[in-house]
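Here's the structure we're looking at; comments come further down.
The values are calculated or read from the model by the stated rules, or taken from the named source; none is laboratory data. These numbers come from a predicted model, not from an experiment. Cβ placement follows ideal geometry from the backbone for every residue including glycine, while neighbour counts extend to all protein chains displayed.
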Amino acid sequence: MSSASAPISSYPRASLSKRVWSGLRRNALAYALMFPLVFLLVAFLFVPFVSLIYYAMQRTDPGMPDVFVGLKNFEILIREDRFRQNLTATLVYLVGVLAISVPMAYFAALLISSSRKGVGVVRTIFLIPWVLAPVVTALLFRTMLDPQSGPITIALSALFGRPFYLTLTEEGSRLLIILHSAWRSFPLMMLLIAAGITSIPLELYEAAKVDGAGWWHQFRYITLPLTRVPLFSAVLLISVFTIQDAEGVYALTQGGPGYGTEVTGVRLFKEAFLYFNIGFASSIGIALISLSILVMFIYNRILGQGERA
Amino acid sequence: MTTSPSMSRARFIFGWLGILFVIVIIVFPVYWGVRTSLAPNGNLGFFPAELTSEHYEGLFAGGFFRNVQNSLIVSLSTIFFTLPIAVLAGYALARFDFPGKRYSAVLLVLPLLPAIAVLVPLILYMRGLGIYNTLYSVILAGTVFSLPYCTWMIRGFMLSIPREIEEAALIDGCGAFRALFTIAIPLAAPGLISVAIFTLISAWNNYLFSFAFTTKRDLQVVPAALLGFIQAWGTNYGGMNAAAVVAILPPLTFFLIFQKWFVQGILAGSSK
């Protein structure tokens, strides 16, 4: 991670302030180059983050002065049925998205890393969902799945002889947001996995063929183990983005029906931007950050264990 | 190839069927959106017999051009501020050793944290700065949130350029700044372009900052305006999809033209 060359300087014994000053001068250029970045990140990410913790401990009613309430907001949150539903919806969403997008991404990665002709064009097409805005793709999915005018719902109704109102049932809406998100997420995963596949030396496959290994065995004992790290990075990225997602879900279902698809991100979105409940929204924000860090932690543990084994 | 010809042929056909299947899954929603934007509402034919531009006319008569303009201003300004700052910092991280450098790994973690959480206090912040309900706040937030990833990618590109060329120039009496502009930046140009395209597409697609910091419709960017249409227009799918097509066109065109650099850049940046 850090660069290969170690600092060559060995500070001479001098007074502390002298050492600090000579060190600063030596590094002045580097600090000057870093300054705009560090300044912006501290001022607009770090300080707001600290004030997020502050606001999470305030009761903020519009038009009234803020009141310090300690951990009360978190207490309310943990006791709340609606927040428990939010967490359940988030978990269902995450598991559903991964269950669909991981196999699809792997399949697509195998397809685009084969040496067939025209694979470059295919890869370009496969990446399209990734460059479209979530609000836009959400609208495309709504259009396709509208109970009256959606081509998919019409086809399903013709096939099963009964109308389909996906957005009116909890299961239907959950399926809808999962399909949409899986469709959006698989291209990035595919790209990372395909890069892993193409970096596997071809000699390994040649040797396996000589030993009489068929297609499945080559996949099972060469491709799959050697793409473990990119696969894991892809899963981590998509998991984190799925847990935090608000816009795709909000544009599709607004969290409904009931609180059926109100994932944590959507709840935060509503509390902050629709109800202007800053204190409470901040505590949900901290919950969301903790959730993201938890996922990164779990991922690190699993990957670390695999490396030791 | 030791497999029998009939076997490899079966795999070949199976592969193309798979590709075709995935292509249909990807292209159909986009095709249907374009179709819906061009057909009269209620016409549900796969290839509609009559086409109309009424949805687009209605859209732009309703002031949608303002939103397109806002999107252009915001995404171009974001890249204008992000790139120089990220180049300077990326260069420092790739070439200098200085106390505190090890904390730069934070840049890798920051993009994984939810922007939406920090946005809550940022609203109050922007009010305090007096730029709430202006495009400045949207540009500022866009720049800050795209900086960590951009800097990290540029650091990676700079690391992949051999130091020796710059060192030779430095020995010949060239200043560090000149070395940056005349040697490192031109050599890292392909990487910089891919970072620029990535930032531009992300900025164009972002609706969150616009939604959080502006309340008037004529200040919103295209995706934020589209979200408003979804809530207000109900089932006017023709109109909404016309707005969606306008939102799709720039990133898609950009991506199709530059996709090779774009993809290489993402992979290079993510593997270091």
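A few remarks follow.
- Yes/no for residue B:208 being surrounded by fewer than 20 Cβ atoms within 10 Å (Cβ to Cβ), within 11 Å of chain A (Cβ to nearest Cβ), of a type outside the set (Lys, Arg) and under 16 Å from the mean Cα position of the chain (by Cα): no
- Hey, residue A:155 in a helix (DSSP H, G or I), more than 10 Å from every other protein chain (Cβ to nearest Cβ), surrounded by fewer than 20 Cβ atoms within 10 Å (Cβ to Cβ) and free of Cβ contacts under 8 Å to residues at least 12 places away in the same chain or not: yes
- Looking at A:250, A:259, just one residue is under 14 Å from residue A:87 (Cβ atoms), assigned by TED's automatic domain parsing to the domain that holds residue A:172 and among the aromatic types (Phe, Trp, Tyr), and that residue is A:259.
- Evaluated against (1) within 30 Å of residue A:215 (Cα to Cα); (2) surrounded by fewer than 24 Cβ atoms within 10 Å (Cβ to Cβ); (3) in contact with a helix residue (DSSP H, G or I) (Cβ under 6 Å, 6 or more places away or on another chain); (4) more than 8 Å from chain B (Cβ to nearest Cβ), residue A:128 falls short on exactly one condition, (4).
- Filtering region A:254-264 to residues that are within 11 Å of chain B (Cβ to nearest Cβ) and either touching a Phe, Trp or Tyr at 6+ places or on another chain (Cβ under 6 Å) or surrounded by fewer than 24 Cβ atoms within 10 Å (Cβ to Cβ) (or both) leaves only A:254.
- Residue B:181, sole failed condition from (1) within 14 Å of another protein chain (Cβ to nearest Cβ); (2) surrounded by fewer than 16 Cβ atoms within 10 Å (Cβ to Cβ); (3) touching a helix residue (DSSP H, G or I) at 6+ places or on another chain (Cβ under 9 Å): (3)
- The condition of being more than 11 Å from every other protein chain (Cβ to nearest Cβ) and assigned to a helix (DSSP H, G or I) holds for only one of B:203, B:169, B:225, that being B:169.
- The residues on offer are A:176, A:204, and the sole one that is of a type in the set (A, V, I, L, M), over 23 Å from residue B:14 (Cα atoms) and without any contact (Cβ under 8 Å) to a residue 40 or more places away in the chain is A:204.
- Enumeration of residues in region B:153-166 that are buried (at least 23 other Cβ atoms within 10 Å of the Cβ) and more than 11 Å from every other protein chain (Cβ to nearest Cβ): B:153, B:157
- When region B:29-42 is filtered for residues that are at the interface with another protein chain (Cβ under 8 Å from one of its Cβ atoms), part of a helix (DSSP H, G or I) and free of Cβ contacts under 8 Å to residues at least 60 places away in the same chain, the ones remaining, listed by number, are B:29, B:32.
- A single member of B:141, B:92, B:105 is without any contact (Cβ under 8 Å) to a residue 24 or more places away in the chain, outside any loop (DSSP other than H, G, I, E, B), under 28 Å from residue A:291 (Cα atoms) and among the hydrophobic types (A, V, I, L, M, F, W, C), and it is B:105.
- For residue B:67: the one exception among (1) within 14 Å of chain A (Cβ to nearest Cβ); (2) surrounded by fewer than 20 Cβ atoms within 10 Å (Cβ to Cβ): (2)
- Some residue of region A:38-46 being closer than 27 Å to residue A:184 by Cβ, buried (at least 19 other Cβ atoms within 10 Å of the Cβ) and under 25 Å from the mean Cα position of the chain (by Cα): yes
- Count - residues of region B:261-272 that are more than 8 Å from every other protein chain (Cβ to nearest Cβ) and assigned to a helix (DSSP H, G or I): 6
- Residue match in region B:119-139 (condition: surrounded by 15 or more Cβ atoms within 10 Å (Cβ to Cβ) and either within 25 Å of residue A:30 (Cα to Cα) or charged (D, E, K, R) (or both)): no
- Among all positions in region B:51-58, there is at least one residue which is within 29 Å of the chain's Cα centre (by Cα) and at pLDDT 90 or above.
- Qualifying residue in region B:4-25 (condition: charged (D, E, K, R), under 30 Å from residue A:118 (Cβ atoms) and either touching a Ser or Thr at 6+ places or on another chain (Cβ under 9 Å) or assigned to a loop (DSSP other than H, G, I, E, B) (or both)): yes
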